[in-house]
Amino acid sequence: MANVQAFSEKVVENLEKVIVGKKQSVELIVIGLLCQGHVLIEDVPGVGKTILARSLARSLDCTFNRIQFTPDMLPSDVTGVSIYNQQNNAFEFRPGPIVGQIILADEINRATPKTQAALLEAMEERQVTVDGETRPLPRPFMVLATQNPIEYEGTFPLPEAQLDRFLLRLRLGYPAAADEIRILGQQQIEHPLATLKPVVTVDEILQAVEEVKRVFVSDAIKRYIVDLTTRTRQSSDVYLGASPRGSLALARASQAKAALLGRDHVLPDDVQALAVSVLAHRIIVSSAARLRDLSSSRIVQEVIHATPAPGGDFLADSKK
């Protein structure tokens, strides 16, 4: 997994030229890239959500499209539309901004549910269907969505079906004082994003994605992942627990985490480090738990503490 580790270090180092003091969040973005999963960046305005997404696009030699979601957007504004060409006497497909490799869905919760639904097929099947014709999306394909959890006026909550299609949800948070001073110095003359250059090619991305799939996951780790997701369904504080898609997402993300650290097998530590980011947004907290101000992230943390972690040789099964 040395190639994947070197690949990840290049991307992380390049992103940290712009995103200061948020290495954990930057690594989560890279994990999402290695899994070819989508990432929801949820935080207050001004902490760098959009800049993080744009920095990733600049670091990769990929096409980049930005969709600024508004309440008056239509599904065709996202997927594209067929227009009649009088010269050819035929309809021509004009692709929408979703047809690209790295897609920034900015303020995604400002779009109506009808428009948000236009993303479902693209995010899961990696294709768009317009006028009865299905067109595959390019590889790699990754949606980076941002939303503000504080402002509710003029927004629409993301449906559970769409939240479940995001591999990870992350929050940047405010920078430390020393990091904020460094940010002021970096941007005094010019924004570092302006000089950011690609550090990896499309072929390198696809090769790293395939190598991550070969990271070994023992039966004990698989049982541990299923135990975690099962306990979210059984908790009295949860109205709806994590789906099997959540188990698959946690397994894939754990493989990427192990590869990022240079290992060819998954450890319980990898699963625990990612469980909140992968599972919390897939959980619907019960009304009684909300009254106690209990968040989905806290519930997942309690599940991790309550679930015994496996021990032993996690490479034993692969040597048989």
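Taking only C-alpha pairs under 8 Å that are 6+ residues apart, what is the relative contact order of the chain in percent? Taking the mean separation of contacting Cα pairs over the length of the chain, I get 22 percent.
Protection proxy ranking, highest mean first, for peptides 90-96, 288-294: 90-96, 288-294, where packing is the per-residue count of other beta-carbon atoms within 10 Å, averaged. The loop-placed trypsin sites (Lys or Arg not before Pro) in the stretch 180-216, going by DSSP, that have at most 11 neighbouring Cβ atoms within 10 Å of their Cβ come out as Arg214.
If you average 1/r across every pair of different Cα atoms in the stretch 70-203 and take the reciprocal, what Kirkwood value do you get, in Å? Write down the numbers at each step before the final one.
On the way: mean 1/r = 0.0564 Å⁻¹.
About 17.7 Å, per the Kirkwood formula over Cα pairs.
With a simple spin-label model that places each label point 7 Å from the Cα along the Cα-to-Cβ direction, the separation between Asp313 and Ala90 comes to 6.3 nm. Which of Gly262, Gly32, Gly132 moves the most in a Gaussian network model of the chain with Cα springs under 10 Å? Of the options given, Gly132 has the highest mean-square fluctuation.
How big is the C-alpha Rg of the stretch 215-320 next to the rule-of-thumb value 2.2 N^0.38 Å, as a ratio?
Values: Rg = 14.3 Å, N = 106, 2.2 N^0.38 = 12.9 Å.
In units of the globular-protein estimate, the stretch 215-320 measures up at 1.10.
Mean-square fluctuations from a GNM of the chain, with a 10 angstrom spring cutoff on Cα atoms, peak among Asp72, Asp227, Asp270 at Asp72.
Using a 10 Å cut-off around each Cβ, can you sort Ile183, Ile29 from fewest to most neighbouring Cβ atoms?
On the way: Ile183 17, Ile29 25.
Ordered by Cβ neighbours within 10 Å, fewest first: Ile183, Ile29.
Between Glu190 and Leu261, what length comes free when the chain is fully extended (0.36 nm per residue of separation minus the Cα-Cα distance, one decimal in nm)? Walk me through the intermediate numbers first.
Numbers: separation 71, 0.36 × 71 = 25.56 nm, distance 3.32 nm.
Full extension of this stretch gives 22.2 nm more.
Across all directions of projection, what mean area in square nanometres is found for the Cα convex hull of the stretch 149-200?
Details: hull surface 27.5 nm².
Projected area, direction-averaged: 6.9 nm².
Give me Tyr224, Tyr239, Tyr84 ranked fewest to most by other Cβ atoms within 10 Å of their Cβ, as a rough exposure proxy. Walk me through the numbers before you get to the answer.
Numbers: Tyr224 21, Tyr239 13, Tyr84 9.
Exposure proxy ranking, most exposed first: Tyr84, Tyr239, Tyr224.
If R0 is 22 Å, the Cβ-Cβ spacing of Ala306 and Tyr239 corresponds to a FRET efficiency of close to 0.70. Between Lys213 and Leu74, residue separation times 0.36 nm minus the direct Cα-Cα distance comes to 46.4 nm. Taking a quarter of the surface of the Cα convex hull of the stretch 89-130 gives a mean projected area of 3.8 nm².
Between Arg292 and Asn65, the simple spin-label model (points 7 angstrom out along Cα→Cβ) gives 4.5 nm.
Every number here is computed from the coordinates shown, using simple stated rules; none is lab data. Note that the coordinates shown come from a computational prediction; the quantities given were computed from them, not determined experimentally. Heads up, the Cβs are rebuilt from the backbone with ideal geometry, glycines too, and the neighbour counts pull from every protein chain shown.
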